[in-house]
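So the structure is just underneath, and the comments pick up after that.
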Amino acid sequence: MAVDAVVIGAGPNGLVAATLLARAGWSVEVHERSAVAGGAVGSETTARGYVHDWGSAFYGVLHTSPVLRELGLDRRVRWARTGTAAATVWDPGGPGAVVRRSVDATADGLGEDAAAWCALVDWWHRLGAPLFDAALGPVGDPLPLLRVLRRTAGPREVVQTARTMLEPVEAYVRQGFRTDAARLLLAANATHADVGIDAAGSTPPALLLAMAAQVHGMPVPVGGAASLATGMVEAAEEAGVVVRTGVDVTRVVVRGGRAVGVVSADGTGTAVRRAVVADVAPTLLARDLVGEQHLPGAWLASLRRHRYTSGYFRLDVDLDRPAPWADERVGDSVVVHVTGDLDDIAMSQAEVRRGRLPTSPQLIVGQQDRADPSRVPPGAASLWVECHCPAVPVDAPADWAGAFAERLLDRLEAHAPGLRAHVVDTAATPPLGLQERDPNLVGGDVGGGSAAPDQLVVFRPVAGWSSYALPVAGLWMCGAASHPGGGVHGLCGRNAARAVLRRERLSLRAVR
Ligand SMILES: Cc1cc2nc3c(=O)[nH]c(=O)nc-3n(C[C@H](O)[C@H](O)[C@H](O)COP(=O)(O)OP(=O)(O)OC[C@H]3O[C@@H](n4cnc5c(N)ncnc54)[C@H](O)[C@@H]3O)c2cc1C
């Protein structure tokens, strides 16, 4: 039986797109290759009773997105926070810097940068948040941009803000703050993306993550990331979507230049009346599912320029007690950035870009169980650790992962002396292990392609093709490789669904 739309892939973007199409009255099926829906939003419980989020872990950015309320994720999911949303500790192991729930408490810890931090938060509420809303919405939508313009003090502030958005975050923090504490508290957030702190375009991700932590407190779902996936599936099913797991789509059927159905690995076909929407990395979609013979050469040539970035290395460290951080204020922080100074971050990022294992890895450490004790046995704790590294390092033997995990543990131990004595178990997943779990994570790239300025907005994922349409009628993309990019915010899916529905309205009008 034909349906109006098939969404390929039940990642957050696929589920959001499916929900919005179904709410518009379409019959929608989601076909997901894995046994569970959620994409890189999932968790598993170990034999010892520790809950590991295998992919994403913190949802501050989701809390800045309209999707949170539109899908009812604010009420379907129980969110947990602590008094400290984020922290940075840096070598040689002195006191760190923390983002507390109240702005004044954060500022108190930043000494002579207290006023600068408060001014940044004020700027965020006045201009930053609406600016990011506009930037992450559909490309070229004039209304949100006009709203931002109305909030500026005039043309000079517009130009100044545009410059800030292009400025390397290292330059931004050196100019804006005097203490290492404030500089590193902000700049370490840039290590979540792939853009070097000394490169244009590294300021926006750092600002977004730091302000999400300050304003929303870095919430985690009670029970593990899987609870968020369950909430998203619930919203989709409530709208009438049929979510089918264990269905690996191997082909998009194109007839007469139009996508008319999908075929899965077991040979089953599903006919589609209106749209095939793919939450699939565009390179895989073009090569494996659609077939390059159906796509124009110029579009394929542009697609070949889409750059994936370095991967993530994941390490779970299960402990028999909370980590013995040298700086006790870090103890209840949901996220801890473990770094050196600004030079250390820049050099480490450069090593990774050149395909080398970082000598001093920039660690992003999650302590979700500080907010949600149900994730660990009583009195125990677990560290969710990740850092950027190449999928296939040029400077390491084939079995590098074990030694690299030890390097991460050494760095943790330097800031939490005695940690190793409390390790109950560790589990490492190198970048290609992430790709094995979810093929969208190409080479372990968690954001669907580099977030460098030449890959954003009108350039994403193919220059001139940021409207989610593909050059095959009825075929759309909605994954993190499309605008506005990686992260669990659902905006690629939301923007894509709206684009599909707008195109449908326009063609109906043309027929009448
Ligand atoms: C280790 C890690 C840590 C992260 N940390 C965070 C974080 O803390 N906070 C945050 O906001 N973001 C984080 N992210 C990023 C975030 O998870 C991703 O950007 C987001 O999940 C992208 O959503 P998506 O829907 O585009 O794709 P995905 O989540 O990748 O989902 C795509 C889905 O499509 C399915 N699929 C692909 N091909 C097919 C096919 N042919 N047939 C059927 N199904 C198919 C896949 O199995 C998958 O389920 C992290 C990601 C990883 C991996």
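Here are the numbers for this structure:
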item: Residues being more than 20 Å from GLY311 (Cα to Cα) and out of contact with any helix residue (DSSP H, G or I) (no Cβ under 6 Å at 6 or more places or on another chain) - total across region 399-438; result: 11
item: Subset of region 310-321 that is within 12 Å of the ligand (Cβ to nearest atom) and under 17 Å from ARG353 (Cβ atoms) - its residue that is most open to solvent (accessible area, probe 1.4 Å); result: TYR312
item: Identity of the residue in region 193-223, among the hydrophobic types (A, V, I, L, M, F, W, C), outside any helix (DSSP H, G or I) and crowded, with 24+ Cβ neighbours inside 10 Å, that ends up nearest to the chain's Cα centre (by Cα); result: ALA193
item: Region 137-178: number of residues that are part of a loop (DSSP other than H, G, I, E, B) and buried (at least 16 other Cβ atoms within 10 Å of the Cβ); result: 7
item: Which numbered condition ALA97 misses (of (1) under 20 Å from VAL233 (Cα atoms); (2) more than 9 Å from the ligand (Cβ to nearest atom)); result: (1)
item: Selection from region 449-486 of residues that are touching a Leu at 6+ places or on another chain (Cβ under 9 Å), surrounded by fewer than 18 Cβ atoms within 10 Å (Cβ to Cβ) and farther than 26 Å from ARG273 by Cβ; result: PRO453
item: Candidate set from region 5-50 (those that are of a type in the set (D, E, K, R), outside any helix (DSSP H, G or I) and open to solvent by 20 Å² or more (accessible area, probe 1.4 Å)); member that is nearest to ARG274 (Cα to Cα); result: GLU29
item: Enumeration of residues in region 492-506 that are open to solvent by 10 Å² or more (accessible area, probe 1.4 Å) and within 15 Å of the ligand (Cβ to nearest atom); result: ARG494
item: Members of region 82-117 found to be hydroxyl-bearing (Ser, Thr, Tyr) and touching a residue at least 12 places away in the same chain (Cβ under 8 Å), listed by number; result: THR82, THR84, THR88, THR106
item: Failed item, numbered, when ALA497 is tested on (1) small (Gly, Ala, Ser); (2) at pLDDT below 95; (3) assigned to a helix (DSSP H, G or I); result: (2)
item: Only one of ALA116, ALA97, ALA86 that is over 27 Å from the mean Cα position of the chain (by Cα), modelled with pLDDT of 95 or more and not charged (D, E, K, R); result: ALA116
item: Any hit, region 224-233, residues being in contact with an Asp or Glu (Cβ under 9 Å, 6 or more places away or on another chain), open to solvent by less than 50 Å² (accessible area, probe 1.4 Å) and in a loop (DSSP other than H, G, I, E, B); result: yes
item: Output for region 57-82, where each listed residue is open to solvent by 30 Å² or more (accessible area, probe 1.4 Å), part of a loop (DSSP other than H, G, I, E, B) and either among the small types (Gly, Ala, Ser) or touching a strand residue (DSSP E or B) at 6+ places or on another chain (Cβ under 9 Å) (or both); result: PHE58, ARG78, ARG81
item: Filter result (without any contact (Cβ under 8 Å) to a residue 24 or more places away in the chain and of a type in the set (A, V, I, L, M)) within region 313-367; result: MET347
item: Boolean, SER374 is surrounded by fewer than 19 Cβ atoms within 10 Å (Cβ to Cβ), hydroxyl-bearing (Ser, Thr, Tyr) and part of a helix (DSSP H, G or I); result: yes
item: Filter result for ALA86 (closer than 14 Å to PRO219 by Cβ, outside any loop (DSSP other than H, G, I, E, B) and within 13 Å of the ligand (Cβ to nearest atom)); result: yes
item: Residue count for region 7-43, restricted to those that are more than 6 Å from the ligand (Cβ to nearest atom), of a type outside the set (Val, Ile, Thr) and touching a residue at least 60 places away in the same chain (Cβ under 8 Å); result: 16
item: Unmet requirement for ASP344, which otherwise passes all of (1) part of a helix (DSSP H, G or I); (2) within 28 Å of PHE459 (Cα to Cα); (3) not aliphatic (A, V, I, L, M); result: (2)
item: Residue match in region 156-168 (condition: aliphatic (A, V, I, L, M) and within 15 Å of THR339 (Cβ to Cβ)); result: no
item: From the options ASP288, ASP266, residue that is within 15 Å of the ligand (Cβ to nearest atom), surrounded by fewer than 19 Cβ atoms within 10 Å (Cβ to Cβ), among the charged types (D, E, K, R) and assigned to a loop (DSSP other than H, G, I, E, B); result: ASP266
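Conditions (1) of a type outside the set (Asp, Glu); (2) farther than 28 Å from MET477 by Cα; (3) open to solvent by less than 50 Å² (accessible area, probe 1.4 Å), marked per residue:
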{"position": "HIS388", "(1), (2), (3)": "yes, no, yes"}
{"position": "TRP400", "(1), (2), (3)": "yes, yes, yes"}
{"position": "LEU408", "(1), (2), (3)": "yes, yes, yes"}
{"position": "ALA414", "(1), (2), (3)": "yes, yes, no"}
{"position": "GLY418", "(1), (2), (3)": "yes, yes, yes"}
{"position": "GLU436", "(1), (2), (3)": "no, no, no"}
{"position": "ASN440", "(1), (2), (3)": "yes, no, yes"}
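Every residue, every condition in (1) within 16 Å of the ligand (Cβ to nearest atom); (2) modelled with pLDDT under 95; (3) small (Gly, Ala, Ser); (4) not assigned by TED's automatic domain parsing to the domain that holds ALA199, yes or no:
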position	(1), (2), (3), (4)
ASP410	no, no, no, no
VAL458	no, yes, no, yes
TYR468	yes, no, no, yes
ALA473	no, no, yes, yes
CYS478	yes, no, no, yes
GLY486	yes, no, yes, yes
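The values are calculated or read from the model by the stated rules, or taken from the named source; none is laboratory data. This is a predicted model, so every value here is computed, not measured. No Cβ is skipped: glycine too gets one built from the backbone with ideal geometry, and neighbour counts run over all protein chains shown. When the accessible area is computed, the model is the full protein with side chains, heavy atoms only, and any ligands, DNA or RNA have been set aside. Shrake-Rupley method; radii C 1.70, N 1.55, O 1.52, S 1.80 Å.
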